[in-house]
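> Quick one: the structure is below, questions incoming.
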Amino acid sequence: MKFFGMLVVVSSACAQKEILEGVFLPEVAHIQVEIDYQEGVLPYTRAPSGTDEAPLTIFSDNVAALFSTLPRTIEVPVALEEMTSFRLSQQTYTAEELYALSMSERNLWDTAQSRSFHVLVMNGMLERDGQVMDQTLGATLPQIRTIALFRPVIDSVILNSSDEVTVETVEQLTMVHEFGHAVGLVGAGLPAVTDHEDPVATHHCTDVQCIMHHSAAAIAGVGNRGVQFSGEGLGLFDVRCRKDIEEAELN
């Protein structure tokens, strides 16, 4: 069983809450996403095979949907030329190492009117408490709005699945799920209008149809759900997650 997301906190909860709520201030008119990648892997900038979608459509459409209450521009790079590579040789990375990497490689920073998110495509896996998390597809550092994608695990989904799911789809679904963590959904910084946090799988939604549900992260069924999600494209967040965002934007 493989999991989309893991929330990793390096800084204090107080600072994290302030950073996340800052995304929804009315003066914030621009949301920018930067994507960088480790040498040895390339972000999947092509559309999922068998579709005529533009690259990264599932991710960019769902990001735009989350910020639809107030008018904002959403900038997501779709061509490799818009992304930057970095060189590292290790095969596992702790949260602290990912934090330092993002701080050193990041080119987009917050301004008075913009908020930035940093995506790192890693040719390695997450290490936590000395254990290699070889079932974890992605992780989020919400305190700096950084998302790490672990390509060896993402690629293994296709090798171990008989379903019609593509690596491009799995990578985008992972990005959508992690972006939800990065904006503070489900007990990760944003107040909830109604309680919908899973009491067992913390920071995950109780709605099994929502991309923030922990089973949406379980690749024992990401084959099925991957096909379902790629078909829907837009609207992967359930009404309660969207309501939390709407409330944050209006208040």
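The values are calculated or read from the model by the stated rules, or taken from the named source; none is laboratory data. Please read all numbers here as calculations on a predicted model, not as lab measurements. Please note: Cβ atoms are built from the backbone with ideal geometry, for glycine as well, and neighbour counts cover all protein chains shown.
> Determine whether A64 is among the aliphatic types (A, V, I, L, M), under 14 Å from the mean Cα position of the chain (by Cα), surrounded by fewer than 17 Cβ atoms within 10 Å (Cβ to Cβ) and modelled with pLDDT of 85 or more.
Judged against the criteria, A64 is a match.
> Here is a follow-up. Please list, ordered by first then second residue, the pairs with beta carbon atoms under 7 Å, 6 or more apart or interchain, first in the stretch 20-42 and within 18 Å of E247 (Cα to Cα) and β-branched (V, I, T), second at pLDDT 90 or above and in a loop (DSSP other than H, G, I, E, B).
Matching pairs, first to second residue: V23/V183; V28/Q113.
> Something else: Of the residues V183, V165, V132, only one is modelled with pLDDT of 90 or more and either farther than 20 Å from Q32 by Cα or touching a Gly at 6+ places or on another chain (Cβ under 7 Å) (or both); which?
Values: V183 fails: either farther than 20 Å from Q32 by Cα or touching a Gly at 6+ places or on another chain (Cβ under 7 Å) (or both); V165 fails: modelled with pLDDT of 90 or more.
Of V183, V165, V132, the one residue that is modelled with pLDDT of 90 or more and either farther than 20 Å from Q32 by Cα or touching a Gly at 6+ places or on another chain (Cβ under 7 Å) (or both) is V132.
Residues are listed down the side, and each one gets a yes or a no for (1) modelled with pLDDT of 90 or more; (2) among the polar types (S, T, N, Q); (3) farther than 25 Å from C210 by Cα:
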| residue | (1), (2), (3) |
| --- | --- |
| E18 | no, no, yes |
| Y37 | yes, no, yes |
| A54 | no, no, no |
| I58 | no, no, no |
| T84 | yes, yes, yes |
| Q91 | yes, yes, yes |
| E97 | yes, no, yes |
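> Suppose we filter V78, V132 for residues that are hydrophobic (A, V, I, L, M, F, W, C), outside any strand (DSSP E or B) and more than 22 Å from A188 (Cβ to Cβ); which single one remains?
The match here is V78.
> Exactly one of these conditions fails for P71: (1) assigned to a helix (DSSP H, G or I); (2) more than 20 Å from L141 (Cα to Cα). Give me its number.
That leaves (1) as the condition not met.
> Can you list residue pairs whose Cβ atoms sit under 9 Å apart, with the first residue in the stretch 92-110 being at negative phi and the second being at pLDDT 95 or above and in a helix (DSSP H, G or I)? Count only pairs 6 or more apart in sequence or on different chains.
The qualifying pairs are Y93/L101.
> Still on this model: I'd like to know if the stretch 111-126 contains one or more residues that are in a loop (DSSP other than H, G, I, E, B), surrounded by 15 or more Cβ atoms within 10 Å (Cβ to Cβ) and without any contact (Cβ under 8 Å) to a residue 60 or more places away in the chain.
Scanning the stretch 111-126 turns up no residue that is in a loop (DSSP other than H, G, I, E, B), surrounded by 15 or more Cβ atoms within 10 Å (Cβ to Cβ) and without any contact (Cβ under 8 Å) to a residue 60 or more places away in the chain.
> Which residues, counting only those in the stretch 223-251, are part of a helix (DSSP H, G or I), of a type in the set (A, V, I, L, M) and modelled with pLDDT of 55 or more?
Within the stretch 223-251, V239, I245, A248, L250 meet the criteria.
> If you scan the stretch 177-198, which residues turn out to be within 14 Å of H214 (Cα to Cα) and not in a loop (DSSP other than H, G, I, E, B)?
Scanning the stretch 177-198 gives H177, E178, G180, H181, E197.
> Right, another one. Got at least one residue in the stretch 162-169 being more than 26 Å from D238 (Cβ to Cβ) and crowded, with 17+ Cβ neighbours inside 10 Å?
no
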